[in-house]
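Asker: Okay, here's the structure, questions in a sec.
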Amino acid sequence: MACGGEVSEQRFEHFVPTYDYIKFGDYTRPLMGAATFGLVLSFIVSTLAFCVSGPLMAGMMFLICLAVYTVQFPLGFLLSAFMHHGLFLHRLRKHGPTWYTRKQTLDIPKAEAFELCLAACGQIERARIADYDEKNGVVRLQVKGNFWITVDRMVAIQVQESGPRSSVLYVDSQIKLTRFRSGLIKATWGEKWYPIVFRTDRNLNNKLMNVITNFIDSVPNWDHRHVSVEQKLEDLDNYVHPDDLHHAA
């Protein structure tokens with residue numbers, strides 16, 4: 001595993017899957033997004049036609065594209081929404097919310113739990129730490145996919161303090177696309193749908209979360225003493241070389 005992350009404060013968004021997460025009224029959002037997408041494409045195609053063949057051809061192309069895109073795209077998105085929603089409910093009934101996100105209580109302090117999570121990241125192949133925030137207990141792990149079969153994944157891990165000797169672990173995994181494709185999906189599907197869309201895959205997100213939680217479960221007595229960066233610098237400043245003690249004596 002390559003570790004090339006940078007220290008940064010990141011906001012961790014928890015996805016809470018429930019049976020009533022998607023309601024009937026939520027279907028209007030992807031339909032509107034698909035119709036808007038079709039309208040934008042119609043303008044783009046008609047503009048190209050105007051530059052090539054003039055206003056008459058541009059007007060004809062706009063009407064044709066408008067009739068096709070604003071009908072075809074909403075119907076396609078409606079079918080896709082039914083499939084995503086149905087698969088979402090099926091996995092909730094069969095596996096529960098743990099299929100989409102993990103929450104686990106650890107009987108170790110937050111600082112040690114954070115170190116344990118960093119150690120767990122080393123169990124995933126083709127992965128590197130994209131960024132981390134030690135203060136808020138957040139690690140984001142980017143997993144490289146196979147170009148022909150799978151896409152990249154982003155595994156987000158957060159540790160929150162729940163007591164002097166206990167902490168809560170959250171693990172979340174989702175598809176990672178380019179900023180343009182991610183923004184396009186969020187713009188067309190809407191804020192309510194994209195958490196499901198980005199987590200619908202061939203069980204790979206679930207397998208990545210299993211690697212993290214299984215490793216943590218296999219190390220029940222984590223005895224690594226956490227030393228913060230500030231403490232390391234302070235110890236270095238206070239370090240006295242043995243030769244200095246000899247000369248002082």
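Asker: For the structure I just gave you, tell me whether Arg91 is among the basic types (Lys, Arg), modelled with pLDDT of 80 or more, under 30 Å from Val159 (Cα atoms) and part of a helix (DSSP H, G or I).
Answerer: It is true that Arg91 is among the basic types (Lys, Arg), modelled with pLDDT of 80 or more, under 30 Å from Val159 (Cα atoms) and part of a helix (DSSP H, G or I).
Asker: On the given criteria, is Leu31 more than 30 Å from Val139 (Cβ to Cβ) and surrounded by 14 or more Cβ atoms within 10 Å (Cβ to Cβ)?
Answerer: It is true that Leu31 is more than 30 Å from Val139 (Cβ to Cβ) and surrounded by 14 or more Cβ atoms within 10 Å (Cβ to Cβ).
Asker: Suppose we filter Ala81, Ala113 for residues that are surrounded by 19 or more Cβ atoms within 10 Å (Cβ to Cβ), in a helix (DSSP H, G or I) and assigned by TED's automatic domain parsing to the domain that holds Ser166; which single one remains?
Answerer: On inspection, the qualifying residue turns out to be Ala113.
Asker: Looking for something touching a Phe, Trp or Tyr at 6+ places or on another chain (Cβ under 9 Å), of a type outside the set (Val, Ile, Thr) and at pLDDT 80 or above - is there at least one such residue anywhere in the range 44-59?
Answerer: Looking for residues that are touching a Phe, Trp or Tyr at 6+ places or on another chain (Cβ under 9 Å), of a type outside the set (Val, Ile, Thr) and at pLDDT 80 or above, one finds none in the range 44-59, hence no.
Every residue, every condition in (1) of a type in the set (Asp, Glu); (2) touching a Cys at 6+ places or on another chain (Cβ under 6 Å); (3) touching a residue at least 24 places away in the same chain (Cβ under 8 Å), yes or no:
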{"position": "Gly38", "(1), (2), (3)": "no, no, yes"}
{"position": "Val45", "(1), (2), (3)": "no, yes, no"}
{"position": "His84", "(1), (2), (3)": "no, no, yes"}
{"position": "Phe114", "(1), (2), (3)": "no, no, yes"}
{"position": "Ala120", "(1), (2), (3)": "no, no, yes"}
{"position": "Asp131", "(1), (2), (3)": "yes, no, yes"}
{"position": "Glu134", "(1), (2), (3)": "yes, no, yes"}
{"position": "Arg140", "(1), (2), (3)": "no, no, yes"}
{"position": "Val143", "(1), (2), (3)": "no, no, yes"}
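Yes/no matrix, rows are residues, columns are (1) over 16 Å from Phe198 (Cα atoms); (2) at pLDDT below 90; (3) of a type in the set (Phe, Trp, Tyr); (4) surrounded by fewer than 20 Cβ atoms within 10 Å (Cβ to Cβ):
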{"site": "Ile108", "(1), (2), (3), (4)": "yes, yes, no, no"}
{"site": "Asp133", "(1), (2), (3), (4)": "yes, yes, no, yes"}
{"site": "Phe147", "(1), (2), (3), (4)": "yes, yes, yes, yes"}
{"site": "Asp152", "(1), (2), (3), (4)": "no, yes, no, yes"}
{"site": "Ala156", "(1), (2), (3), (4)": "no, no, no, no"}
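Asker: For Thr200, all conditions in the list (1) under 30 Å from Val40 (Cα atoms); (2) of a type in the set (Val, Ile, Thr); (3) at pLDDT 90 or above hold save one; what is the number of the exception?
Answerer: So Thr200 meets the others, but not (3).
Asker: Of the residues that make up the range 161-180, is at least one in a helix (DSSP H, G or I) and modelled with pLDDT of 85 or more?
Answerer: yes
Asker: Is the range 52-68 home to any residue that is part of a helix (DSSP H, G or I) and closer than 27 Å to Thr200 by Cα?
Answerer: no
The values are calculated or read from the model by the stated rules, or taken from the named source; none is laboratory data. Bear in mind that the values here come from a model prediction, so they are computed numbers and not experimental data. When we count neighbours, we look across all protein chains shown, and the Cβ atoms used for this are built from the backbone with ideal geometry, even at glycine.
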